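Have a look at the structure below before the remarks.
Coordinate-derived values only; no laboratory data. Everything numeric here is computed off the predicted structure, so don't read it as measured data. Virtual Cβ from ideal backbone geometry, glycine too; neighbours counted across all protein chains shown.
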Amino acid sequence: MQLTLKIWRQKDASAKGQMVEYKVTEISEHMSFLEMMDVLNEQLVNSGDEPVAFDHDCREGICGMCSMYINGEAHGPDRGVTTCQLHMRMFKDGDTITIEPFRAAAFPVIKDLVVDRMSFERIQQAGGYISVNTSGNTQDANALPISKHAADEAMDAATCIGCGACVATCKNSSAMLFVGAKVSQYALLPQGQVEATDRVQNMVAQMDLEGFGNCTNTGACEIECPKGISLENIARMNRELMKASLK
Ligand code: SF4
Ligand code: FES
């Protein structure tokens with residue numbers, strides 16, 4: 001395949017960025033999107049140009065690093081996949097593809113396609129954990145009965161990889177799908193009850209502090225989420241917040 005790529009280039013956080021056009025050839029339909037980017041970067045390095053900076057780590061849909069906005073969609077045109085799992089067979093020979101970083105005030109661009117998602121880390125630090133006694137008297141996990149339904153729902157919420165596609169997709173740059181998933185994975189389990197009140201209040205307060213917008217129930221986040229995180233998690237987070245305010 002031969003492709004035209006229009007890519008956002010930005011030297012650093014304070015520089016003014018712009019779209020720059022490149023041509024790539026000999027792209028196989030079996031390549032992943034990031035492998036295609038590797039081919040471009042090899043081409044740029046060979047011609048003495050600066051390669052395009054982009055985030056990646058696992059390249060198998062786990063780490064949530066590969067945040068690219070491809071042809072106007074977070075993680076590109078396929079459903080239920082991250083950019084690293086997107087295959088070039090989703091495109092046609094001769095296509096023009098636009099590639100931008102995830103855009104949100106709380107995700108400032110650091111360079112080219114790399115954004116700073118430390119705001120998510122700070123939300124997690126505000127309450128996305130449980131405190132466990134590891135002194136040797138830890139309760140056996142099997143001693144706590146959990147219904148299959150609750151276990152399944154908690155596991156579904158826990159599949160959120162913190163990629164930020166929900167934020168990049170939302171017209172309000174809301175992080176409520178992400179925070180809803182992180183609150184839900186504990187709210188559904190007995191282990192999460194002890195710190196439940198502080199957790200939801202602190203995580204929501206941090207989310208607001210970071211400058212994320214509010215949810216207006218558009219639902220675009222759910223559609224673009226590579227892990228299929230359900231909007232039900234936002235409703236559950238709102239219920240948890242209401243319960244916490246009544247305590
Ligand atoms: S909710 Fe989905 S889109 Fe948002 S951070 Fe988690 S995995 Fe990514
Ligand atoms: S590189 Fe880890 S999810 Fe894409």
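Multiplying the residue separation of M19 and A143 by 0.36 nm and subtracting their alpha-carbon distance yields 39.0 nm.
Dipole check for segment 139-227: with +1 at the C-beta of Lys and Arg, -1 at the C-beta of Asp and Glu, and the Cα centre as origin, the magnitude is about 120 Debye. Considering only Cα atoms, the convex hull volume of segment 57-118 works out to 95 Å³ per residue. Helical content of the chain, expressed as a calculated mean residue ellipticity at 222 nm, amounts to -10500 deg cm²/dmol (DSSP H runs of 4 or more residues, -39,500 (n - 2.57) each, divided by residue number, nearest 500). Each residue of segment 47-56 is assigned a 3J(HN,Hα), and the resulting list reads 9, x, 9, 6, x, 7, 7, 8, 8, 6 Hz, derived from the Karplus form 6.51 cos²θ - 1.76 cosθ + 1.60 (θ = phi - 60°), x at Gly and Pro. Computed from point charges on the beta carbon alone (+1 for Lys and Arg, -1 for Asp and Glu), the dipole magnitude for the chain about its Cα centre is near 780 Debye.
Computed from the Cα positions only, the extents of the chain along the three principal axes stand at 61, 37, 36 Å, in decreasing order. Measure nothing but the geometry: give the 0 to 90° angle between the long axis through the Cα atoms of 232-245 and the longest principal axis through the Cα atoms of the chain, rounded to 10°. Between helix and principal axis, roughly 40 degrees.
Specify the angular offset, from 0 to 90 degrees and rounded to the nearest 10, of the alpha carbon long axis of helix 176-187 from the longest principal axis of the alpha carbons in the chain. Approximately 40 degrees, to the nearest ten. The 3J(HN,Hα) values that the Karplus relation (6.51, -1.76, 1.60; θ = phi - 60°) gives for segment 79-84 are, in residue order, 10, x, 9, 8, 4, 5 Hz. Gly and Pro appear as x. Under the simplified labelling scheme, the E35-R89 pair shows an inter-label distance of 1.2 nm, with each label point 7 Å from Cα along Cα→Cβ. Remark on M68: its backbone amide H falls under 5 Å from those of H75, T83, a criterion applied only to residues 5 or more positions apart or on other chains, H modelled at 1.01 Å from N. Here the convex hull built on the C-alpha positions of segment 111-153 has a volume of 143 cubic angstrom per residue. Applying a DSSP loop filter and a limit of 12 other Cβ atoms within 10 Å to the GluC sites (Glu not before Pro) in segment 35-82 leaves E60. Annotated for the chain: lysine pairs at least 8 residues apart or interchain, Cα distance under 26 Å, count 21. The peptide list 224-233, 141-150, 192-201, put in order of mean Cβ contacts within 10 Å with the highest first, becomes 224-233, 192-201, 141-150.
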